[in-house]
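Visitor: So that we are looking at the same thing, I have put the structure below in structure tokens.
Read-outs throughout are calculated quantities, based only on the coordinates presented, and are distinct from any laboratory measurement. Values in this document were obtained by computation on a predicted structure and should not be read as measured data. Note that each Cβ is placed from the backbone with ideal geometry, even for glycine, and that neighbours are counted across all protein chains shown.
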Amino acid sequence: DVARIAVAQDDFELIRGHLRSLRLKLASRPGDTWDSEIVRAVPGGTFALPSPALGSANGGPFALDPRSEDGTGTLARVFLFDVALPPDLREVPFGTRVHVRFALDWEPLGWQGVRRIRQLLLAQFDA
């Protein structure tokens, strides 16, 4: 069993190229944490969230397109990953909110700033 997660376009390359480990927890069980891994990256980006729960109208981090009728259309491209659920979470109901923490390779603060400024400039000029 897997949980499908959405990642902002700005963070996609970091996760694909610099991921060291991944931990997840259920919103309904915030005191419990499990190690996990990405089992599949959905090819290409999309403007559709896998669940309306990920949209800003439902407490999620992604801004929704007001033209979206089902509440899953986003204003910015997102990338989807399937994350393995540990064996003791196999019976979790469909639609349960899962929080994921990515541990990435170390990077100097200056390079992080340069990368974010570059992303901001690219977004401003639709590049």
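Visitor: List the trypsin sites (Lys or Arg not before Pro) within the range 65-124 that fall in a DSSP loop (any state other than H, G, I, E or B) and whose Cβ has at most 11 other Cβ atoms within 10 Å.
Guide: Hits after loop and neighbour filter: 67, 90.
Visitor: Convex hull over the Cα atoms of the chain, averaged projected area in nm²?
Guide: Mean shadow area of the hull around the Cα atoms is 8.9 nm².
Visitor: In the range 55-125, with Lys and Arg counted as +1 and Asp and Glu as -1 at Cβ, which of these residues, 75, 60, 113, has the Cα nearest the positive end of the dipole, that is, farthest along it?
Guide: Value computed over the given set: 113.
Visitor: As an exercise, identify the chymotrypsin sites (Phe, Trp or Tyr not before Pro) in the range 65-127 lying in DSSP coil whose Cβ has no more than 15 other Cβ atoms within 10 Å.
Guide: Details: sites: 79, 81, 94, 102, 106, 111, 125; in loops: 94, 106, 125.
Passing both the DSSP loop test and the Cβ count: 94, 106, 125.
Visitor: Taking only Cα atoms and a 10 Å spring cutoff, compute GNM fluctuations for the chain and point out the largest among 59, 95, 110.
Guide: 110
Visitor: Set Lys and Arg Cβ to +1 and Asp and Glu Cβ to -1, take the dipole of the range 1-66 about its Cα centre, and tell me which of 49, 27, 17 lies farthest positive.
Guide: Towards the positive end, the residue furthest out is 27.
Visitor: Have a look at 109, 19, 49 and tell me which one the Gaussian network model of the chain (Cα, springs below 10 Å) gives the largest fluctuation.
Guide: With Cα springs under 10 Å in the chain, the top fluctuation among 109, 19, 49 is at 109.
Visitor: In addition: Counting helices only, and only those DSSP H runs with n ≥ 4, report the 222 nm mean residue ellipticity of the chain as the sum of -39,500 (n - 2.57) divided by its residues, in deg cm²/dmol to the nearest 500.
Guide: Roughly -6500 deg cm²/dmol at 222 nm, from the helical runs in the chain.
Visitor: Quick one: putting +1 on the C-beta of Lys and Arg, -1 on the C-beta of Asp and Glu, what dipole do you get for the range 1-121 around its Cα centre, in Debye to the nearest 20?
Guide: Working: 15 positive and 15 negative charges, 54 e Å.
With Lys and Arg at +1 and Asp and Glu at -1, about 260 debye.
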